[in-house]
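Student: Here you go, one structure.
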Amino acid sequence: MLGKSFLNSASIAIALCSQTQISQAGVAGTSPFSPDFIEYADVVLDEWKVPGASIAVIDGDDVFARGFGFATLPNTSATPETLWSAGSTTKAFTATALSLLIAGNNNSQLPRGWSTPISSIIRDDFVLHDEWATHHVTLEDAVSHRTGMPRHDNSIPQKIEGRPATVRDMTRNLRHLRPTFEPRVRWQYCNYMFAVLSHVIETVTGSHLEDVLRRHIWAPLGMNNTSFGARQGRKTPTLLSTGYYWNGEKYFSTSHDSLDTLSGIGAVVSSVLDYAKWLKCLTYQTAPFSEAVHRDIRQPRMLEPLHDFLGPDVETYGLGWSRTNLHGNVAYGHTGSTMSGGAIVTWLPELHFGVIIFANTATSSNNIGRVLAMRILEDRLNVRQDLRYKIAERVREQDQQGKAFFANYRDILYPNRPEKPLPFSGDQSQLTGSYSEPGYGLIVIEEEGLSQSVEKTLIGRRPGKPEDTELLFEHISGDFWVVRAWIREANATAAFFAADFKFNVSGHVESLRLALSPPGAAIDEGTITFDKIG
């Protein structure tokens, strides 16, 4: 267990104005980093096995920031200046850039503003499974996750023919992916659509999205340590955090490299101090954005399913922000998660109050972010203990449900499997080879002895996809298998799928079918077929 040495004592408060404001909700201008909170944060990071985090709080004209734990193990402390993967909090920048273009009213490619059909801008590239959707899905549909497309994250290419995949490549891949609903019927989070919006911005401006964001948002706000990927961080390696995965026994480091292709989906690497400048602009509605753009940023556009991200109230989604009511206060927020880090950003415009938390694990960073952000918010709002949302208990409960879900994957996928497995058709060596599916790409299956005491196991690798995740095949019965997305170094399962092999009349393997969602999933992404090609 990591004790108090896990915390970094460095804490700063930046006073931008000598005047201290008083709010009925609590005292503005008071540091949230009390000894009690510091001790609590120590316990929370230790509980969720997160090596380090940085937190910034804006409160009126004041900014408070502090590092906790380690940006890089074993002894590089996290500080307010540490650079972290910001994940999907990138989406708010992407959406704001598009709002700026629309507000300019001088671009012939955006004649109907947010109601402009995407296909009118990038017709050759933007093709959906349904012809009506291709011609009618708009910029607003994409930005508010109401296109009818689910995540399909496992199909997102990282490399194509050995080169880094582009947002145009991602956009063109959508034609091979199936929707789960009609457009504008249901909110479904879809990373792909922010690749589409990135492609739209680059097409309209003729510039790389990172350059657009730097020119119109980051530079005017003084966010000089914000960039796509880890390029900026590699210039100052002592500030760049390292991502980690805890496997129950020890930490395994992860790479920032996959961020480089995510663009407006989630490529941002930044510090909490830079993000504090971003939130101050949003809460005070200041330059470089016009009143119309600020109004656009705050506009709700689609009702979200209940998932208590910011508490138990109803949430809506807009330009890269969820909006809800938090103890009687309008609140906006968004999380971000990559293999090398997690983020949570929340702001209460009426109080000019905001919280930014970056940390260096994937899922567990969001867990500590939700817990610590809610603690800071409810302390600032002076909420009585018996009226608080008890977010720590909810997060633990959700985590236990997730662990039980993964532990029982055989029963979930195959509840009626025979007690004694039936043999599969043919010989296991027949199943090796290359399998292809237009949207999900290539799977190369090989036999491998994972230890001297067991038979050879089928291992699938996906060229052009993240290299740290392999597909581990486990035979269930007959021609039915479980495929686990497996992180070898940490011996961890990231996802699991039901699969079966199909044989032709000659007894040769013809295809591999993969069910993308488990039975009973709220959103069923369907079953895809990989044809054997070699």
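Student: Describe numerically, in nm with one decimal, the distance between label points set 7 Å from Cα along Cα→Cβ at R298 and at N382.
Tutor: 2.4
Student: Pull out the extension gain between E393 and S108, defined as 0.36 nm times the separation in residues minus the alpha carbon to alpha carbon distance; nm, one decimal. Before the final figure, lay out each step's value.
Tutor: Working: separation 285, 0.36 × 285 = 102.60 nm, distance 5.17 nm.
Separation in residues times 0.36 nm, less the Cα-Cα distance, equals 97.4 nm.
Student: Within the chain, which complete DSSP H helices have Cα atoms spanning at least 15 Å along the helix axis and a mean Kyte-Doolittle hydropathy of 1.0 or higher?
Tutor: Those that clear 15 Å and a mean of 1.0 are 90-103, 192-205.
Student: Continuing with this model, one more query. What does the highest-first list of 428-440, 412-424 look like by mean Cβ count within 10 Å? Let's see the in-between values first.
Tutor: Values: 428-440: 16.9, 412-424: 12.1.
Final packing ranking: 428-440, 412-424.
Student: Right, next: Let me test this: with uniform point scatterers at the alpha carbons of the chain, what is the Debye-based log₁₀ I(q)/I(0) at q = 0.09 1/Å?
Tutor: -0.68
Student: What does the extension gain come out to for K159 and T203, with contour length at 0.36 nm per residue minus their alpha carbon separation?
Tutor: That pair, K159 and T203, stretches by 13.7 nm at full extension.
Student: Please give the contour-minus-distance gain from T527 to T457: 0.36 nm per residue of separation, less the Cα-Cα distance, rounded to one decimal in nm. Walk me through the numbers on the way to the answer.
Tutor: Details: separation 70, 0.36 × 70 = 25.20 nm, distance 2.35 nm.
Length gained between T527 and T457: 22.9 nm.
Student: Which FRET efficiency value, to the nearest 0.05, do you get for R215 and E291 by plugging their Cβ-Cβ distance into 1/(1 + (r/R0)^6) with R0 = 22 Å?
Tutor: 0.55
Student: So, one more: Compare the peptides 244-252, 403-411 by average per-residue count of other Cβ atoms within 10 angstrom and give them in order, highest first.
Tutor: Output ranking for 244-252, 403-411: 244-252, 403-411.
Student: In nm, to one decimal, how far is the modelled label at T30 from the one at E447, with both set 7 Å along Cα→Cβ?
Tutor: 6.9
Student: Suppose each label sits 7 Å from its Cα in the direction of the beta carbon; what would the E39-H136 distance come out to in nanometres?
Tutor: Each label point lies 7 Å from its Cα, and together they span 6.1 nm.
Student: So which lysines can K502 reach, going by Cα to Cα under 18 Å and dropping same-chain residues fewer than 8 places off?
Tutor: In chain and number order, the partners are K532.
Student: Need the list of lysines near K277 for cross-linking: C-alpha distance under 27 angstrom, and skip anything on the same chain fewer than eight residues off.
Tutor: Result set, ordered by chain and number: K91, K235.
Student: Where does the stretch 297-391 land on Rg(C-alpha)/(2.2 N^0.38 Å)?
Tutor: So the Cα radius of gyration is 1.04 times the expected 2.2 N^0.38 Å.
Student: Please state the shape class of the stretch 97-202: rounded when a/c is under 1.5, otherwise prolate if a/b exceeds b/c and oblate if not, all from the C-alpha gyration tensor.
Tutor: It is oblate, given that a/c is not under 1.5 and a/b is not larger than b/c.
Student: If you don't mind, there's one more thing I want to ask. Send over the semi-axes of the stretch 428-532's equivalent ellipsoid, whole angstrom and largest first, taken as the square roots of 5 times the C-alpha gyration tensor eigenvalues.
Tutor: Over the Cα atoms of the stretch 428-532, the semi-axes work out to 19, 19, 14 Å.
Every number here is computed from the coordinates shown, using simple stated rules; none is lab data. The structure displayed is predicted, hence computed values, not measured ones. Here the Cβ is made from the backbone with ideal geometry for all residues, glycine too, and neighbour counts use every protein chain on show.
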